[in-house]
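Enquirer: Following this message is one structure expressed as structure tokens.
The values are calculated or read from the model by the stated rules, or taken from the named source; none is laboratory data. It should be emphasised that the depicted structure is a prediction, and the values quoted were computed from it without experimental measurement. Neighbour counts run over all protein chains shown; Cβ positions are idealised from the backbone, glycine included. Side chains included, ligands, DNA and RNA excluded: accessible areas come from the protein's heavy atoms. Shrake-Rupley method; radii C 1.70, N 1.55, O 1.52, S 1.80 Å.
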Amino acid sequence: MTVDLAYQYLFTGALTVMAVLIGIILIRSIIGPRIIDRILCINMIGTLVICTIAILSQMLDESYLTDIAIIYAMLSFLTVLILASVYIRRLNLTDEDEGMKAGEQPPGVQAFGAQDVSLGQTKETQASVPAAGSLQQDKNSRETVPQREVPHD
Amino acid sequence: MKKRFLAWLYGDQDVMDGILDNFNKPDVSHSELKKITRAAEEEYDHRPEVLEAIGRDRARFRTIYLVIAFISCIMLTLVLLYTVSLLPEYGAENPRAVEVVSRYVEDGLEETGAVNIVSGMILDYRAFDTLGESHVLFTALICVMILLRIDRKNQRSDYEDYYTVRTDTYFDLSTDPVLRLVCAVIVPCILLYGIYILLNGQNSPGGGFSGGAVLGAGMILFSVAFGFDKADRFFTLKVSNIVTFVSLGFYSFAKGYVFFMGANGLENHIPKGTPGAIFSGGMILPLDIAVGCVVGCTMFGFYSLFRRGSIGGQI
Amino acid sequence: MIEWIRFWITAVILFCGILAFILEVAGLFRLGFVMNRMHASGIGDSFGLGCVVFAMIISSGLNLDSLKLFLLILFMWLTSPVSTHFLSRIEVNTNPFIARYVRFGTDYGKK
């Protein structure tokens, strides 16, 4: 048994295990109860695909596949970042609107991006989790926005 | 189960069930809203003066439109049928395809000076095709701009303005110190890597399109990490316009000149250099740079337009 | 002989990496809360990918290719904690009942 053949067997076995793992993660991403599970699974699939490309570049002796692995790593990072920006933005906004209109403390979901909230300050977040029903009370709260001057030409 | 599925299908229930149904539920369900708007539109359209005006315009326009459409359809059909009749029969050997492929593979390095055969193909033998592709990207950017750009005539309502101001300034990711620190390290590396792909297109896989895409992704990462204000300092609408115009103009001029002077684009008037060096391949390197500039501007322009409705800061 | 030694080192490190990925997937199904699952995914992101790509570096020897693979490890070790950080930010911002699972504030660590 030569060394090349041994490398072939080793890499083929590793690639097979990784393919099976990708399939299992895909099942988890379908089950995943919330959007966060799905994004997490996409991130993990990205990692596994990067490893697969790195192994393939050694197995096939094609050095340009490593370039593709680096680009894939960059794209998977960018994906998580932009999805995070979209979801953090949207849900933060709705939370604060509902809480402020009702004249009570904002619900336990604290805005991390806002300036005044940080992990160092003490907040009684445990006590201030409202029931899910109380969030539905003021649906029309968005109509009362402060008037801003819009320039007309 | 079925009821829930139907509700999801018609949009009464949000896709992200359990997260958003506490917050974003509209007062009127989607199907009702559709009915109300359709009724209002019909009522508006069926006023007598509107009907009269529409009828007057339509009667004159319709005959011309029908005649022109009929003639152009028939001519297009004839042209397509004639082209099909020139193709070889089904099952017969096609000598042209074999010839072209063997020519590319055997003489490609010698004639174009590019080690990467694909790059030599798309930027030398079929450079006219790539010119069309770059123009398609440019046209797509223009169309997105027409649809999404906010200018003076297209001011937002009070509520929308308030919404964007709050979302874009308060809840930006650029307030996050972790991201800023990591991106300060990463973004220059990514831009350098994109330039490497762009300049090395004739020697290794890559070239204009992938290098431009990496450059655009680096720009998007920069604007996510540091905010749009920092990106506006060097990438405004004027810069985007100038870069795109100069790139496309240079491409059109260079390739047009070559087509007219050298018949099939093989006479470059630029020495090909030794294969494998960075300055090799004649016209392929500058054309790669032009295509990369167009692709990068288009990617970042798409992101910027979809995110906030303008390229650069000014409205 | 030296080739066989290199092969066995590669095989052992690659096995460690694959084991880390299997642990990651097991944790993905066993753990109940999303943040714990993020911890499981972090094992694969840092240790698993590091092991697998390091095995590839050893098998390829010293050349430009191994330099690129080393850059890949550096890149992933820089970026994957940031992605996990943002995933946890989404979780904290979207889950209304986050306070049942996570304790905020200065009393963290006390009983």
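Enquirer: What residue among C:PHE21, C:PHE29, C:PHE97 shows peak mean-square fluctuation when chain C is described by a Gaussian network model with Cα springs under 10 Å?
Expert: Answer for the Gaussian network model of chain C: C:PHE97.
Enquirer: If you don't mind, another one. State, in square angstrom and to the nearest 100, the accessible area buried between chains A and B, both chains counted, probe radius 1.4 Å.
Expert: Its buried surface, counting both partners, is about 3800 Å².
Enquirer: What figure, in Å² to the nearest 10, do you get for the accessible area of B:THR274 with a 1.4 Å probe and non-protein molecules left out?
Expert: Approximately 90 Å² of B:THR274 is accessible to the 1.4 Å probe.
Enquirer: Could you tell me the accessible area of B:ILE68 in Å² (1.4 Å probe, neighbours in place), rounded to the nearest ten?
Expert: Ignoring ligands and nucleic acids, B:ILE68 comes out at about 100 Å².
Enquirer: Given Cβ point charges of +1 (Lys, Arg) and -1 (Asp, Glu) and nothing else, what value in debye, to the nearest 20, does the dipole of segment C:7-111 about its Cα centre take?
Expert: Charge dipole of segment C:7-111: 460 debye, to the nearest 20.
Enquirer: Around B:GLU99, with a cut-off of 12 angstrom between Cβ atoms, what is the net charge of the other residues, counting Lys and Arg +1 and Asp and Glu -1?
Expert: -1
Enquirer: Which whole number gives the average count of other chain Cβ atoms within 10 Å of the Cβ atoms across peptide B:198-207?
Expert: Going residue by residue through B:198-207 and averaging, the value is 1.
Enquirer: Then there's this: Go ahead and run the numbers for FRET between B:THR37 and B:MET1, Cβ-Cβ distance against an R0 of 41 Å, rounding to 0.05.
Expert: Approximately 0.85, to the nearest 0.05.
Enquirer: Write down the accessible area per residue of segment C:2-100 in Å², having rolled a 1.4 Å probe over the full set of protein chains. Before the final figure, lay out the partial values.
Expert: Values: 4250 Å² over 99 residues.
That works out to 43 Å² for each residue.
Enquirer: Same structure, new question: How many Cβ atoms of partner chains, on average, are near each residue of C:19-32 if near means within 10 Å of its Cβ?
Expert: The shielding value for this peptide is 3.
Enquirer: Helix by helix through chain C, keep the DSSP H runs that span 15 Å or more along the axis on Cα and average at least 1.6 on Kyte-Doolittle, and give those back in order.
Expert: Long hydrophobic helices here: C:2-30, C:49-60.
Enquirer: So for B:HIS46, C:HIS85, what's the accessible-area order with a 1.4 Å probe, most first?
Expert: Accessible-area ranking of B:HIS46, C:HIS85, largest first: B:HIS46, C:HIS85.
Enquirer: For B:GLU110, what accessible area in Å² do you get when you roll a 1.4 Å probe over the heavy atoms of the protein chains, rounding to the nearest 10?
Expert: Around 150 Å² of this residue is reachable by solvent.
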